[in-house]
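Read-outs: derived from the displayed coordinates by stated rules, not from any lab. Please read these numbers as outputs of a predicted model, since none were measured by experiment. Every residue, glycine as well, gets a Cβ built from its backbone with ideal geometry; the counts of neighbours run over all protein chains shown.
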């Protein structure tokens, strides 16, 4: 691994010098395969925030995830009203059991959603679950591999729920599953900044009653056309509030991010976690490379995700990745020169010679016409070819031009 282009330049200039020395050292270090795979990035995370579209109605677009511990909690959230259901489950449940719970706890209360956003957990990619949702007419949306921010809303709710259950366990010394119904009620009846109201208020038109706000006898209740008008106005207000919240979140988030765009055919390195993906990507331990690859981009998926051409031994890995997990490969490993073939002289020098003419051009002056050739040199790739004047080549390599140009 190289210590950095500037440090290398400072060390080498004590004993060596050549034209464009600093630029060539910087280019060589930046293209080093080992350095690209093991060095940490000191840049803002790549990829601007891409919020999901604001849903059109209640419980049409939902998030799903699991909180795992001694067993699991199935967290299901409506993206429009932010209302949630927390369903205690066991990790040994089969997909059929989850389907029965889904019908009983979600579909029976809210109808069939249009979309379900989730990670690539075993349930959400199982054949039974996919066939069920296809039959119900629900579209499944999966987050990019190793990019949980796609389901940022449900991850945040998971954190809130864990804190609530932890507080209940400490205060009442009871089991977490006994606290779950009241935790669900407390969450749904609490004010949400992005909505500027509670989820229950967005879902039912008002907050549910608690010991703190029992309705007074004779309280006026809205019926008939006024109820429809009030509901329409509330939905419009929720839309506006969510759009403002998304705009505010995107503006704040993008200040700490940077745009990064790749093209189809580009080669990129893939970031791997020292915890996740250790066995999956064939690396192990804390000192494993930060990146693996390079891999070729075969398709752009949306604004900030790309599909990679993975080798056969990574066939089990989902091949779509968020741009923040990728880094451009500046030089494909196969193009690097095998230095073992270079003949080093006793004085630590080596000789290069022209091997191919790639192009030629003429430049006329008042006195003569100057011919130049784009020459590929030994130990260099075609991308490193240089323009050389005919006079120089005839003087130094008299046999090269006649045999190549005739």
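Where does each of 370, 106 land when they are ranked from fewest to most other beta-carbon atoms within 10 angstrom?
Least crowded to most crowded, the residues run 370, 106.
What ranking of 369, 117 emerges when the number of other C-beta atoms within 10 Å of each C-beta is taken as an exposure proxy, fewest first? Could you put the intermediate results ahead of the total?
Values: 369 9, 117 23.
Exposure proxy ranking, most exposed first: 369, 117.
For 193, 139, what's the fewest-to-most ordering of other Cβ within 10 Å of each Cβ?
Working: 193 9, 139 12.
By the 10 Å Cβ count, ascending: 193, 139.
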